[in-house]
Amino acid sequence: MKRHNFSAGPCVLPQVVIDESAKAVIGYDNGLSLLEISHRSKAFVDIMEKARALSVELLGLEGMGYKALFLQGGASTQFLAVALNLLEKKAAYLNTGTWSDKAIKEARIFDDVFEVASSKDANYNYIPKGYDIPMNYDYFHCTSNNTIFGTQIKDFPECDIPIVCDMSSDIFSRSVDFSKFGLIYAGAQKNMGPAGTTLVIVREDILGKVSRKIPSMMDYKVQISKGSMFNTPPVFPVYSSMLNLQWLKNKGGIKSIEKENEKKARLMYSEIDLNPLFDGFAAKADRSIMNATFILKNEDLKDSFDTMCREAGINGLNGHRSVGGYRASMYNALKLESVQVLVEVMNELERKA
Ligand SMILES: *Cc1c(COP(=O)(O)O)cnc(C)c1O
């Protein structure tokens, strides 16, 4: 049966990326598996350089002083690394959900972080607007897409201090002026590749301004000087991520995938809005094109809906425990056809109910 993977992460990947990754495990360089070649071999150094270059190219940041790194420890480690590298006096954070909240907690190890605004009062179902960002702070941190709550920042603030953005769940999914940001980070497993590596894109001129000593593994300057190979990098996830970035480039890049993503989201949300059995969770103006969160109004129908989804090959639709209900994650590699299948199941439930 055809599977439709709506999982929030690790995410659906293009079949060609899975096939090529599998092939490389069997044999990559002179009959050796990708898993057993040296990370210092030309074969792997080429992969790393290609992955780094593709990231910068796809975001339209070539020649603008940005460096791409493929690190370990997940986006969660970046919560801490950002503060270690950039926080000297005070930082401003926008709190739009669980992940921002965790980033704030880590930064507070160093200083009393200033929360410019929060949507916690409404269980993070909207994006706060109209807040002020103090211009004498070290940086402003935000989360572009709230994977758990299904909200997404549509307009990023104008800001004289560096903007640091956790783009884990919507990087490479929509056109944004990425040069607005001083630093972008993203765990691979949401929209870029398998779990095990984290992309960091940093404009070099924002680094080197803090007085503390930074542990080498967490020091962006060290990582840049070592070509993202201060220690043994996660060879396999970097390779699969590189293949996925290549897939995206071949498809026409972000502009082209954005059109597909918008089409999927439009179809999904129009069903949520038109079908009387369902309600959307996120405020309409702030709805994410990656993660659509919704509830079934009548809990008595839950068993039938879940069974029908299972029978249609739909996977990973359960909402996060802090929101409940359902969440359809529609990352780059999810096909329109999968959303059509889900919408058809929702329709059928309405006909039966
Ligand atoms: C999943 C997620 C994280 C955590 O990523 P890890 O790589 O598991 O540490 C952080 N931020 C956002 C927005 C996420 O969706």
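Odds and ends about this structure:
A quick yes/no check of all residues on (1) within 11 Å of the ligand (Cβ to nearest atom); (2) open to solvent by 10 Å² or more (accessible area, probe 1.4 Å); (3) farther than 19 Å from F110 by Cα:
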site: C142; (1), (2), (3): yes, no, no
site: T147; (1), (2), (3): yes, no, yes
site: D155; (1), (2), (3): no, yes, yes
site: M167; (1), (2), (3): yes, no, yes
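- Subset of the range 1-35 (residues that are touching a strand residue (DSSP E or B) at 6+ places or on another chain (Cβ under 8 Å), of a type outside the set (S, T, N, Q), assigned to a loop (DSSP other than H, G, I, E, B) and surrounded by 14 or more Cβ atoms within 10 Å (Cβ to Cβ)): F6, A8, G9, C11, V12
- Selected residue (only one of E311, E350, E337 is within 18 Å of D273 (Cα to Cα) and among the acidic types (D, E)): E350
- Residue check for N125: under 25 Å from I289 (Cβ atoms) and within 12 Å of the ligand (Cβ to nearest atom): no
- Which listed residue, of S329, S338, S304, is open to solvent by 40 Å² or more (accessible area, probe 1.4 Å) and either out of contact with any strand residue (DSSP E or B) (no Cβ under 6 Å at 6 or more places or on another chain) or modelled with pLDDT of 95 or more (or both): S304
- You will find that of A312, A292, the residue that is touching a Ser or Thr at 6+ places or on another chain (Cβ under 9 Å) and at pLDDT 95 or above is A292 and no other.
- Tally of residues being in a helix (DSSP H, G or I) and at pLDDT below 95 across the range 341-353: 1
- Number of the exception - S38 against (1) in contact with a strand residue (DSSP E or B) (Cβ under 7 Å, 6 or more places away or on another chain); (2) free of Cβ contacts under 8 Å to residues at least 12 places away in the same chain: (1)
- Taking the criterion of being aromatic (F, W, Y) and either within 16 Å of the ligand (Cβ to nearest atom) or touching a Ser or Thr at 6+ places or on another chain (Cβ under 7 Å) (or both), the residues of the range 45-87 that qualify are F70, F79.
- Residue within the range 74-96 that is assigned to a helix (DSSP H, G or I), of a type in the set (V, I, T) and within 30 Å of A117 (Cβ to Cβ) present: yes
- Residue match in the range 149-158 (condition: charged (D, E, K, R), touching a residue at least 40 places away in the same chain (Cβ under 8 Å) and not in a loop (DSSP other than H, G, I, E, B)): no
- Some residue of the range 310-320 being touching a residue at least 12 places away in the same chain (Cβ under 8 Å), in contact with a helix residue (DSSP H, G or I) (Cβ under 8 Å, 6 or more places away or on another chain) and of a type in the set (S, T, N, Q): no
- Here the condition is being within 22 Å of E62 (Cα to Cα) and within 16 Å of the ligand (Cβ to nearest atom); of G187, G227, it holds for G187 alone.
- The range 89-112 - residue that is buried (at least 16 other Cβ atoms within 10 Å of the Cβ) and more than 16 Å from the ligand (Cβ to nearest atom) and, of those, farthest from D132 (Cα to Cα): F110
- Cβ pairs under 8 Å, 6+ apart, first in the range 99-112 and in a helix (DSSP H, G or I), second more than 14 Å from the ligand (Cβ to nearest atom) and acidic (D, E): I104/E115
- Cross-chain or 6+ apart pairs with Cβ under 7 Å, the range 71-90 first and within 13 Å of T197 (Cβ to Cβ), then more than 10 Å from the ligand (Cβ to nearest atom) and part of a helix (DSSP H, G or I): L71/Q223
The values are calculated or read from the model by the stated rules, or taken from the named source; none is laboratory data. Small disclaimer: the values here were computed from a predicted structure and weren't measured. Positions of Cβ are backbone-derived with ideal geometry, glycine not excepted, and every protein chain shown enters the neighbour counts. The accessibility values were calculated without ligands, DNA or RNA, using every heavy atom of the protein model including side chains. Shrake-Rupley method; radii C 1.70, N 1.55, O 1.52, S 1.80 Å.
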